[in-house]
Amino acid sequence: MTQTMAALFRCGRNCAVFATLLAATTVQAAQEQAWHFRVFLDEKPIGSHRFKLVHEGTRQVVQSEADFDVRFWFIEAYNYLHRNREVWQEGCLAEIEAATDDNGREQRVTGSRAEEGFRVSSTAHGERTLPACVMTFAYWDPGFLEQGRLLNPQTGEYVSVSVERIGTSRVPYQGQEVSAEGFRLKAGEIIIDVWYSAQRQWLALESITEGGRRLRYVAQ
C-alpha cells in the first residue's frame with residue numbers, strides 16, 4: 001500500500017481510543033452487559049467493535065474486541081485488530097492488558113495498581129507510574145467525560161482531554177433513530193463525538209480519521 005493510501009485509511013490513535021474499557025455506572029445493577037457496534041468508514045462497513053462488562057463482586061471486568069478491514073476492489077488496504085481486558089475497582093482502573101495490530105505494527109500495553117500508583121508498561125512509552133486512580137476512554141460510563149486525562153490503551157500514553165456539549169440530535173440505534181445528547185471529546189488532534197440516551201446509555205460514536213474520512217459506530 002502506498003503512503004498516500006495508508007494515510008487515507010489509517011485510523012491511527014483514533015482506533016485506539018475506540019478500543020478501551022471500564023466499569024459503567026449505568027449498568028451497575030446488571031451482572032453482565034454487552035455492546036456491539038458495526039463500524040463504518042464513510043458509508044462503507046469495515047468491521048465491528050464489541051464490548052462486554054461482567055460484575056465480579058466489587059470488581060468490573062471489561063473485554064473488547066475490534067476488527068477493521070478496509071479493502072479496495074477485494075484488495076486489503078488497511079487492517080486493524082485490538083484486544084483489551086481491563087479490571088476496574090471503585091471507579092478506578094486496577095489492571096489492563098491490551099494488544100493491537102495496527103496494519104502490521106504491533107503494540108502492547110499492560111498495567112496494574114500498586115502502592116506508589118498505577119504502573120503501566122507499553123511498547124511505545126516503556127514503563128511509567130501514573131496516579132493511583134486513572135481511567136481509559138470509557139464511553140459506556142458518561143463519568144469518564146469529567147476527567148482531565150485518560151489512558152490510551154493502544155499506546156499507553158496518558159493524554160490530556162477536554163470535553164464540550166454539542167447538543168441534542170437524532171442518531172441511529174438498533175435499526176431506528178432516537179434522540180441523544182452529544183459530547184465532543186478532544187485529545188490532541190483527536191476529536192470524538194459520543195452520544196447518550198436520557199438514561200445515560202451509550203448509543204453512538206463518530207470521529208474523523210487522520211485521512212479525513214468519517215468513522216462511525218452504529219449500535220446493533
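Taking the stretch 72-112, which residues are farther than 25 Å from Trp35 by Cβ, open to solvent by 70 Å² or more (accessible area, probe 1.4 Å) and not acidic (Asp, Glu)?
Phe72, Trp73, Phe74, Ile75, Arg105
Given (1) touching a residue at least 12 places away in the same chain (Cβ under 8 Å); (2) surrounded by 13 or more Cβ atoms within 10 Å (Cβ to Cβ); (3) basic (Lys, Arg), where does Arg119 come up short, assuming only one miss?
(1)
Could you give every pair whose Cβ atoms fall below 7 Å, whose first residue belongs to the stretch 182-208 and is in contact (Cβ under 8 Å) with a residue 40 or more places away in the chain, and whose second residue is open to solvent by 80 Å² or more (accessible area, probe 1.4 Å) and not in a strand (DSSP E or B), counting only separations of at least 6 or pairs across chains?
If the second residue must be open to solvent by 80 Å² or more (accessible area, probe 1.4 Å) and not in a strand (DSSP E or B), the pairs left are Ile190/Arg13.
Within the stretch 122-142, can you find the residues that are open to solvent by 20 Å² or more (accessible area, probe 1.4 Å) and not β-branched (Val, Ile, Thr)?
Answer for the stretch 122-142, where residues must be open to solvent by 20 Å² or more (accessible area, probe 1.4 Å) and not β-branched (Val, Ile, Thr): Ala124, His125, Gly126, Glu127, Arg128, Pro131, Ala132, Cys133.
Residue check: is Val54 of a type in the set (A, V, I, L, M, F, W, C) and either within 16 Å of the chain's Cα centre (by Cα) or crowded, with 16+ Cβ neighbours inside 10 Å (or both)?
Judged against the criteria, Val54 is not a match.
Taking only pairs six or more apart or across chains, which ones have beta-carbon atoms under 8 Å, a first residue in the stretch 126-146 that is of a type in the set (Asp, Glu), and a second residue that is part of a helix (DSSP H, G or I) and surrounded by 13 or more Cβ atoms within 10 Å (Cβ to Cβ)?
As it stands, the answer is Asp141/Thr25; Asp141/Thr26, since those pairs meet every condition given.
Name the pairs: first residue in the stretch 81-102 and of a type in the set (Phe, Trp, Tyr), second residue assigned to a strand (DSSP E or B), Cβ to Cβ under 6 Å, at least 6 apart or on different chains?
What qualifies is Trp88/Gln60.
Which ones in the stretch 41-51 are charged (D, E, K, R) and within 14 Å of the chain's Cα centre (by Cα)?
The one that is charged (D, E, K, R) and within 14 Å of the chain's Cα centre (by Cα): Arg50.
Give the number of residues within the stretch 49-70 that are more than 16 Å from Thr209 (Cβ to Cβ) and without any contact (Cβ under 8 Å) to a residue 24 or more places away in the chain.
Selection size over the stretch 49-70: 7.
Would you point out the residue of the stretch 15-34, among those that are surrounded by fewer than 21 Cβ atoms within 10 Å (Cβ to Cβ) and touching a strand residue (DSSP E or B) at 6+ places or on another chain (Cβ under 6 Å), that is modelled with the lowest pLDDT?
Looking at the filtered set, the residue picked out is Val27.
The values are calculated or read from the model by the stated rules, or taken from the named source; none is laboratory data. Note that the structure is predicted; figures quoted are calculated from it, not measured. FYI the Cβ positions are ideal-geometry reconstructions off the backbone, even for glycines, and counts take in every protein chain you see. Side chains are part of the model used for accessible areas, which takes the heavy atoms of the whole protein and leaves out ligands, DNA and RNA. Shrake-Rupley method; radii C 1.70, N 1.55, O 1.52, S 1.80 Å.
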